[in-house]
Structure formats: C-alpha cells, structure tokens
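The values are calculated or read from the model by the stated rules, or taken from the named source; none is laboratory data. A quick note: this is a predicted structure, and the numbers were derived from the prediction, not measured. Glycine also receives a Cβ, built like all others from the backbone with ideal geometry; neighbour counts cover every protein chain displayed.
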Amino acid sequence: MRDRHLYLLLLPGLLLILLFRYAPMYGIVIAFQEYNIFKGIMGSEWVGFAQFARLFRSPDFYEIMRNTVLISLYKLAASFSLPIILSLLLNELKHLVFKRVTQSVIYLPHFVSWVIFSGILISFLNPIDGLFNAILANFGSTPIDFLGSSAYFRSILVISDIYKEVGWGTIIYLAAIAGVNADLYEAARIDGANKGRQMWHVTLPAIRPVIIILVILSLANILEAGFQQVFLLYSPLVYDVGDIIDTYVYRVGIQEANYSYATAAGLFKSVVAMTLIITVNKLVKMSGQDGLW
C-alpha cells in the first residue's frame with residue numbers, strides 16, 4: 001500500500017506484456033495439432049509431435065538452418081565488435097560539434113525502415129541502371145546482378161545490416177564508457193599509458209559487464225537472421241544461400257495456410273533461443289562474471 005502509486009505507474013507496462021507476450025502463448029497449442037481455422041483450437045485434431053517430425057524431415061530444413069545460423073553468426077560477429085570499436089573512437093573525439101554530427105549521421109540509418117532502406121539498396125544494386133553497376137561499367141566491367149547472385153547475397157545482407165545498425169549499437173557502449181571513473185585514466189596516464197593502452201587496460205575492462213550482457217542477449221537471437229531484410233531483398237535465385245527459417249515459415253506455413261507447421265517452427269526457434277541464453281549465462285557465471293541473473 002505504501003508504494004501503490006508506483007505500482008499504478010507499473011500497471012500499464014505489465015498489462016502490455018501480459019496482453020502481447022503471455023496471452024498469445026496459448027496459441028502454441030496449435031503446434032501439436034492439425035489446426036483447422038473453422039474448427040478452432042478446441043476442435044482441431046491433436047497430432048502430438050507430428051508437425052515437428054515433418055519439419056525435421058523436410059529436405060529444405062537443414063539448408064535453411066545452415067543459412068539462418070551462418071547469416072546470424074556473421075551479423076553477430078559484426079554487431080559485437082564494430083560498435084565497441086566505433087564507441088572507443090567516438091569517445092576520443094574532442095571537437096564536440098564534429099562528435100555530435102558524426103554520432104547523428106551514424107545513428108540516422110537505424111530510424112529508416114527496412115522497406116525504405118531495401119528500396120534504396122535495390123536501386124543502387126540494379127543490374128541495369130544501378131549506381132554500382134554504372135561505376136563498374138566505367139571500368140569496362142559487365143553488369144552484375146548482386147541480389148540475384150549466391151556469391152554476393154550473404155555479404156550484402158551483412159554489410160547492409162552493419163551500415164544500418166552499427167550506430168545504434170554504439171549508444172549503450174558510449175553510455176557505459178561515460179560512467180568509467182576518470183581517476184583510472186589519470187592513473188594510467190601517470191604510468192605512461194598512451195591512448196591505445198588506456199582503451200585496452202581501462203575502458204574495455206570497465207565496460208566488460210555490459211559487453212557480456214549484450215553478447216548473451218545476442219546469442220538468444222541466433223536464429224533471428226532478420227526476416228524483414230531477407231524477405232525484401234531475396235528471390236528464388238538465392239534461396240540456396242538466403243532462405244532462412246522465418247522466410248521459409250512465411251512462405252510454406254502462412255501463405256499455404258499450414259498454421260500448425262509454422263507454429264512448430266516458431267516454437268523450435270524459441271526453445272533453441274531459451275537453451276542458448278540459459279547455457280551461455282551459466283558459462284559466464286562459472287567464469288566468475290555477472291550474468292543476466
């Protein structure tokens with residue numbers, strides 16, 4: 001009762017979580033059914049793990065799993081390292097106006113939707129009149145269908161994701177760096193440490209807990225290769241390297257009305273994510289670091 005006003009402030013957020021996160025979990029039931037929209041959940045036939053067996057027996061399953069994991073790992077490697085490096089460099093800028101302009105420029109792509117960003121990218125990579133092919137033509141090269149080539153598609157996904165999201169990733173690291181005790185830098189300078197040594201021996205150890213937490217959260221999304229980005233950029237020409245679980249589920253499960261099959265694939269992703277986040281958090285705590293809980 002003493003904190004009732006605080007609980008009232010908390011109530012809208014809790015209601016949103018219950019409504020959009022926990023209430024829909026009732027629908028997981030259809031992953032174990034042969035769901036029929038006319039019969040509903042209560043009237044549909046119960047088939048147990050048949051939908052999961054169908055998923056694992058699918059000739060496309062291992063290919064889409066490989067694509068999903070590879071694309072996610074490439075993005076994870078970039079999203080883990082580049083924002084840290086960029087944050088360290090931005091933190092060393094002394095000209096405030098230049099620093100703020102640079103931060104704004106690198107943050108800006110994050111606020112552009114993938115629909116718009118993909119449209120721009122497609123225009124640039126168009127094999128007929130795209131900017132990149134126009135540049136190549138000036139050097140005597142033949143046009144290249146970048147988005148229709150298996151050799152380039154994954155690289156385009158990773159590079160475009162880096163360009164769009166790397167600035168946003170620096171926000172948390174810059175906030176963590178701002179909280180580092182200035183006395184530590186002063187002591188390092190007295191000991192003769194240059195800027196590189198200060199970053200390595202002061203800044204990075206100080207923000208290590210933040211890095212660990214973000215890595216754990218990133219590993220939980222290892223099967224989230226970016227549905228919007230892939231869906232807007234891929235085509236049947238690059239299914240062999242670009243088709244991921246989400247696009248496969250959308251194409252086979254949603255468009256063909258195989259709702260139980262789509263739910264089984266989504267539940268499989270969730271179980272893998274839960275297993276990864278628990279395992280990595282346990283390993284981090286065993287190493288003596290603070291985990292998520």
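Here are the numbers for this structure:
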quantity	calculated
Residue in the range 110-125 that is farthest from the chain's Cα centre (by Cα), counting only those that are in a helix (DSSP H, G or I) and either among the aliphatic types (A, V, I, L, M) or under 17 Å from residue 172 (Cβ atoms) (or both)	125
Residues satisfying the stated conditions in the range 145-188, i.e. aromatic (Phe, Trp, Tyr) and over 21 Å from the mean Cα position of the chain (by Cα)	146, 185
Hey, residue 12 part of a helix (DSSP H, G or I) and surrounded by 10 or more Cβ atoms within 10 Å (Cβ to Cβ) or not	no
Of the criteria (1) of a type in the set (Gly, Ala, Ser); (2) over 25 Å from residue 230 (Cβ atoms); (3) in a helix (DSSP H, G or I); (4) free of Cβ contacts under 8 Å to residues at least 60 places away in the same chain, which one residue 77 fails	(2)
Checking residue 159 against (1) under 16 Å from residue 75 (Cα atoms); (2) surrounded by fewer than 17 Cβ atoms within 10 Å (Cβ to Cβ); (3) at pLDDT below 90, the condition it does not meet	(3)
Checklist (1) more than 30 Å from residue 203 (Cα to Cα); (2) at pLDDT 90 or above; (3) surrounded by fewer than 17 Cβ atoms within 10 Å (Cβ to Cβ) applied to residue 140, failing item	(2)
Among the residues listed as 105, 69, the single one being of a type outside the set (Phe, Trp, Tyr) and surrounded by 15 or more Cβ atoms within 10 Å (Cβ to Cβ)	69
Residue that is modelled with the lowest pLDDT, among those in the range 227-253 that are over 18 Å from the mean Cα position of the chain (by Cα) and among the small types (Gly, Ala, Ser)	253
Pair list, Cβ under 6 Å, 6 or more apart: the range 268-293 residue over 26 Å from residue 246 (Cα atoms), other residue among the polar types (S, T, N, Q) and surrounded by 13 or more Cβ atoms within 10 Å (Cβ to Cβ)	291/281; 292/281
Elements of type helices (runs of 4 or more DSSP H) in the range 203-293, at least 2 residues being under 30 Å from residue 41 (Cα atoms) and charged (D, E, K, R)	none
Test: residue 32 is under 25 Å from residue 245 (Cβ atoms) and hydrophobic (A, V, I, L, M, F, W, C)	yes
Unmet criterion (only one of (1) within 17 Å of residue 167 (Cβ to Cβ); (2) among the aliphatic types (A, V, I, L, M); (3) in contact with an Asp or Glu (Cβ under 9 Å, 6 or more places away or on another chain)) for residue 125	(1)
Selection from the range 126-136 of residues that are in a helix (DSSP H, G or I) and touching a Pro at 6+ places or on another chain (Cβ under 6 Å)	133
Filtered residues of the range 146-184 (kept if over 26 Å from residue 218 (Cβ atoms), without any contact (Cβ under 8 Å) to a residue 60 or more places away in the chain and either assigned to a loop (DSSP other than H, G, I, E, B) or hydroxyl-bearing (Ser, Thr, Tyr) (or both))	151, 181
Selected residue (criterion: farthest from residue 234 (Cα to Cα)) from residues of the range 34-67 that are of a type in the set (D, E, K, R) and assigned to a loop (DSSP other than H, G, I, E, B)	39
